[in-house]
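S.K.: My questions all concern the structure below.
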Amino acid sequence: MSKPRDYFHFKSTREPLYGFVDLAGTGTGIIDTPVFRRLHRIKQLSHAYLVYPAAIHTRFEHALGVTRLADLVSKQLSFDEDAREIVRLAGLLHDIGHGPFSHLFENVLEDINREKVDHDRISMMMINEDPDLWNIGGQG
């Protein structure tokens, strides 16, 4: 059974490439968590801005753009509203585990932990264990 959408918790955020990205309910809760807000400070292209000064896109902006594209694709594929919401949230959360310096940081983590540690693994850990993310859905 589908949950009613929470239109009292609605945000429309401007993403530089695709325009406005509309979020409601769970999506607005996610972007307000500390673990997601930190993506404002992580550059999508790591140090590329040192050579290309306009390359300053952040992981936050990237996540919003992916969310917008995920919604367009799921709509084109005629997904029902529940499936579209799942795809949007997956797009929103897909890079939440990135650290500073983007993929370069994964090498540091691998050296410290002596095992492969990438942003996908960290993303899953954050999604499964971060209390702020869990409290959004009332599971906490």
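S.K.: Can you name the residue in segment 16-35 that is closer than 12 Å to Thr67 by Cβ and within 11 Å of the chain's Cα centre (by Cα) and, of all such residues, is surrounded by the most Cβ atoms within 10 Å (Cβ to Cβ)?
M.R.: Gly27
S.K.: Hey, another quick one. Only one residue in Leu64, Leu39 is in contact with a strand residue (DSSP E or B) (Cβ under 6 Å, 6 or more places away or on another chain) and under 24 Å from Ile127 (Cα atoms), so which one is that?
M.R.: Leu64
S.K.: Right, here's the next one. Could you go through segment 49-62 and let me know if any residue there is modelled with pLDDT of 85 or more, within 15 Å of Thr13 (Cβ to Cβ) and among the polar types (S, T, N, Q).
M.R.: Yes, segment 49-62 contains a residue that is modelled with pLDDT of 85 or more, within 15 Å of Thr13 (Cβ to Cβ) and among the polar types (S, T, N, Q).
S.K.: Which condition number in (1) of a type outside the set (S, T, N, Q); (2) loosely packed, with under 15 Cβ neighbours inside 10 Å; (3) assigned to a loop (DSSP other than H, G, I, E, B) is the one that Ile112 fails?
M.R.: (3)
Table: residues versus (1) buried (at least 17 other Cβ atoms within 10 Å of the Cβ); (2) more than 20 Å from Tyr18 (Cα to Cα); (3) among the hydroxyl-bearing types (Ser, Thr, Tyr); (4) out of contact with any Phe, Trp or Tyr (no Cβ under 8 Å at 6 or more places or on another chain).
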position: His47; (1), (2), (3), (4): no, yes, no, no
position: Ile56; (1), (2), (3), (4): no, no, no, no
position: Glu61; (1), (2), (3), (4): yes, no, no, yes
position: Arg68; (1), (2), (3), (4): yes, no, no, no
position: Asp71; (1), (2), (3), (4): yes, no, no, yes
position: Gln76; (1), (2), (3), (4): no, no, no, yes
position: Glu85; (1), (2), (3), (4): yes, no, no, yes
position: Arg88; (1), (2), (3), (4): yes, no, no, yes
position: Asp95; (1), (2), (3), (4): yes, no, no, yes
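S.K.: Identify, please: which residue in segment 99-108 is modelled with pLDDT of 75 or more and part of a helix (DSSP H, G or I) and is, among those, nearest to Thr58 (Cα to Cα)?
M.R.: Checked segment 99-108; the qualifying residue nearest to Thr58 (Cα to Cα) is Phe105.
S.K.: Which of the numbered conditions does Lys43 fail, given that it passes all the others? Conditions: (1) over 30 Å from Glu81 (Cα atoms); (2) surrounded by fewer than 13 Cβ atoms within 10 Å (Cβ to Cβ).
M.R.: (2)
The values are calculated or read from the model by the stated rules, or taken from the named source; none is laboratory data. Computed from a predicted structure; not experimentally measured. We place every Cβ from the backbone using ideal geometry, glycine too, and count neighbours over all the protein chains shown.
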